[in-house]
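Pasting a structure below so you can have a look.
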Amino acid sequence: MIRRNFLVLNALLVLACQVLPVRAGAFPAWAEAVLQETQLLVPPDDTDMWRILDQTVIEPGPKGKIKVKRRVVQRVINEQGVAAASMYLIDGNADTTKIKRLKGWHRNSLNRVATLDRQNIVTVSQAEIDKLSHDEATIAVFEKVGPNSIVAFESYEIRETLFPQDLVFMLGHFPIAKRIIDVRLPTAQITPTHFDAWGLTPTINDNSLTLLQTPAIQSEPLVPDSPLSLPHIIINFQDPEAATIPLDQWSTLAAWYYETFAAASAAPQKVHALSDLAILAPIYNQQIDTITYRQRYLTPARGWVPASGEEVQRRKYGDCKDMVAGLRYQAGHAGVSVLPVLATVFREEYPNQDAPVSFATFNHLIGAIPLTHSLGLAAEVSVGTQRYLLVDPTAKGTPLGRLPDAFRNRHLLLCLPDDGRWVAVPEQAFEEQKLDAKVMGSVDENNTLTGGIIFTSRGNALGLRDASDVPDLEEVEWAIRQGFDIPGSAILNVAPLQSPTSDQIQIICQVQWPSFIRYDADGYRLPTAIVPLKKRVLEKRGRPRQQAIRVPRLTPTTWHITIKNHQALAPGATHTEWSDGTRWFSWQAEAGPHLNVTFFQKGHTRIFTKQELAAGLAYWENYRNNYNPFYREATLFRAIHP
């Protein structure tokens, strides 16, 4: 959502710099009919914009493609709703989405109608990093929209898809009076997902689904980072002219993907299980050192079908599936088998054997190497009597035999020649990760710290091992600021770093940190980078919590502070600690002109689904009731006067 807001603001800025003509026209008859139909309805009290109609029609297109027709009518309630109501967005790059029609109409409060000018339509990149080649959106924007304006958009696009499946999400950040999904694809089946948890009761007629008066998605803290936790429908269909891709069971999808991956990777066929790590290690390490991660998708199929292993080795770059194909190719020449494993990382909503079958739930691919016997490595799993070693060639900072922390608590789909098996990632597969900071120096009358900090990263907690060589000092400083939440006002002079290949990386910095000790109404406090602020509530007064709760992981972090202060201080508590099995914190402090503090905190990820909101809110309130008094009282320093 942050990314989309950013690109939208940039598009609006570009358009605002132009003086564009206003084109007059008539409001379309279909939009007038919608307004007549809903004229007796009243928008919710707390909304800035009201979407009166949101209709999507999905039909067969040429050569196995699909047509998507959409109509939207929305009313501006107040100034805060202007930006959202005046804009229309279509995701998809030019290689996969052809926009055949995009029209718009704006009727202002004086009943004057303007039509959308082509100069107000722009295509912008949504890519978060320069290693992604295709991630675009087309945005249409009206100017001079204000309260009581009514805006309508109509679009028609042709999409190229690899899988005979589509996902349509039902809710937005504003309420919708009437939401219609009309699926006219042959043999289509629609499956509403997460409707019950949100109290949504659709009217379904054949494959046409209608919802009335849908709520807006509220902006709430600590929500899962995945749209798949929101209400959506899964549309399965089959184009009689296209090859069949099975989506009836996870096992058939896995078997299809094994066949597709094996054919594309073009690795040697005469392979067997691994008996000695010494055979695999040099191949794996060479791949880690020489292949750079980069996505380059020119067709929908490239999102799933890898380049050949030989091509990956030649060009020295690729995405996750390409890297696994490259490893399969190289290992195959040594007679070792590598199987594809579908995975979901980073998202909190991830699949398992009981979830609806959908390709959209996966966002990553790793490899599984059959073993003749256990090699005693942490990332080994068993499927029946067969032992496998899980490997992720994209994880430059993780040693062979382990997996990155993003796989914690995950289930993965192992793709076999005629089957698929779900495997749980063992807890021992992950390196222990810790952060430690030792602060030394003095604080002057302006509360500025001058001195040094020794930062220590155990495992790959700061991500510095992801670089194939010694990272530059700017990269190291950025990692420190991200990992330890160091503010931009603090000046860090980083000493040169040795090759970050060991289990423990130490970084020495000279530091000048303004307001290191800050004064508030109660007394003196350490910066929030060291002791985080009080925890806020998860639901607003009078507005019940709506979305699932994600309590994020906290990397175990310890701050050791030994500094001389211009003013002798006494802590609110010399020793305290607390834990509930998910969150931990402990505090030790000594009074006097030399401030000696040790503060430790860590936490596990915990998800409370929408059905578990009561338990999640109770858990968080208990945490708040323990942390906030600790922050307010124990970590407060008061001056010691002679």
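For the range 240-253, give me the residue count where each residue is at pLDDT below 85 and open to solvent by less than 30 Å² (accessible area, probe 1.4 Å).
Summing the residues that are at pLDDT below 85 and open to solvent by less than 30 Å² (accessible area, probe 1.4 Å) in the range 240-253 gives 2.
Under 9 Å between Cβ atoms, at least 6 apart or on separate chains: pull out the pairs that start in the range 247-274 with a residue that is polar (S, T, N, Q) and end on any residue that is open to solvent by 60 Å² or more (accessible area, probe 1.4 Å) and part of a loop (DSSP other than H, G, I, E, B).
That search, which allows pairs on different chains as well, returns Ser251/Asp418.
Let me spell it out: the conditions are (1) under 26 Å from the mean Cα position of the chain (by Cα); (2) more than 19 Å from Ala529 (Cα to Cα), and Ser579 meets all of them except one. Which number is the exception?
Result: Ser579 fails condition (1) only.
With Asn120, Asn111 as the choices, which residue is modelled with pLDDT of 90 or more and at positive phi?
Asn111
Can you pull out the strands (runs of 3 or more DSSP E) entirely within the range 368-456 that have at least 1 residues that are more than 25 Å from Leu473 (Cβ to Cβ) and within 23 Å of the chain's Cα centre (by Cα)?
386-391, 411-416, 419-424
Taking the range 561-620 on its own, how many of its residues are touching a residue at least 24 places away in the same chain (Cβ under 8 Å), of a type in the set (A, V, I, L, M) and surrounded by fewer than 19 Cβ atoms within 10 Å (Cβ to Cβ)?
6
Now for a different question. Out of all the residues in the range 507-531, which are in a strand (DSSP E or B) and among the aromatic types (Phe, Trp, Tyr)?
Trp513, Tyr519, Tyr524
Quick one: is Leu435 open to solvent by less than 30 Å² (accessible area, probe 1.4 Å), farther than 25 Å from Tyr317 by Cβ, in contact (Cβ under 8 Å) with a residue 60 or more places away in the chain and not charged (D, E, K, R)?
So Leu435 passes the test.
Follow-up question, since we're still on this one. Anything in the range 62-102 that is assigned to a loop (DSSP other than H, G, I, E, B), open to solvent by less than 20 Å² (accessible area, probe 1.4 Å) and farther than 22 Å from Arg118 by Cβ? List them, or say none.
Hits for the range 62-102: nothing passes.
Which of the following residues is open to solvent by 20 Å² or more (accessible area, probe 1.4 Å) and in contact with a strand residue (DSSP E or B) (Cβ under 7 Å, 6 or more places away or on another chain): Leu377, Leu390?
Of Leu377, Leu390, the one residue that is open to solvent by 20 Å² or more (accessible area, probe 1.4 Å) and in contact with a strand residue (DSSP E or B) (Cβ under 7 Å, 6 or more places away or on another chain) is Leu377.
Let's see how each residue does on (1) within 28 Å of the chain's Cα centre (by Cα); (2) not in a loop (DSSP other than H, G, I, E, B):
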| site | (1), (2) |
| --- | --- |
| Ala177 | no, yes |
| Ile181 | yes, yes |
| Leu185 | no, no |
| Ile190 | yes, yes |
| Thr201 | no, no |
| Ile204 | no, yes |
| Gln213 | no, yes |
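Another one. Are any residues in the range 519-532 surrounded by 12 or more Cβ atoms within 10 Å (Cβ to Cβ) and modelled with pLDDT under 90, and if so, which ones?
If the condition is that a residue be surrounded by 12 or more Cβ atoms within 10 Å (Cβ to Cβ) and modelled with pLDDT under 90, then Tyr519, Asp522 are the ones that fit.
Would the range 358-365 turn up any residue that is touching an Asp or Glu at 6+ places or on another chain (Cβ under 7 Å), open to solvent by less than 60 Å² (accessible area, probe 1.4 Å) and of a type outside the set (Lys, Arg)?
Within the range 358-365 (the criterion being touching an Asp or Glu at 6+ places or on another chain (Cβ under 7 Å), open to solvent by less than 60 Å² (accessible area, probe 1.4 Å) and of a type outside the set (Lys, Arg)), the answer is no, since none of the residues qualifies.
Do you know which residues across the range 533-552 are surrounded by 15 or more Cβ atoms within 10 Å (Cβ to Cβ) and either more than 22 Å from Arg632 (Cβ to Cβ) or more than 23 Å from the chain's Cα centre (by Cα) (or both)?
Within the range 533-552, Arg545, Gln546, Gln547, Ala548, Ile549, Arg550 meet the criteria.
Taking the residues in the range 290-328 that are modelled with pLDDT under 85 and aliphatic (A, V, I, L, M) as candidates, determine which candidate is least open to solvent (accessible area, probe 1.4 Å).
For the range 290-328, the residue satisfying everything is Ala301.
The values are calculated or read from the model by the stated rules, or taken from the named source; none is laboratory data. Please read all numbers here as calculations on a predicted model, not as lab measurements. Please note: Cβ atoms are built from the backbone with ideal geometry, for glycine as well, and neighbour counts cover all protein chains shown. When the accessible area is computed, the model is the full protein with side chains, heavy atoms only, and any ligands, DNA or RNA have been set aside. Shrake-Rupley method; radii C 1.70, N 1.55, O 1.52, S 1.80 Å.
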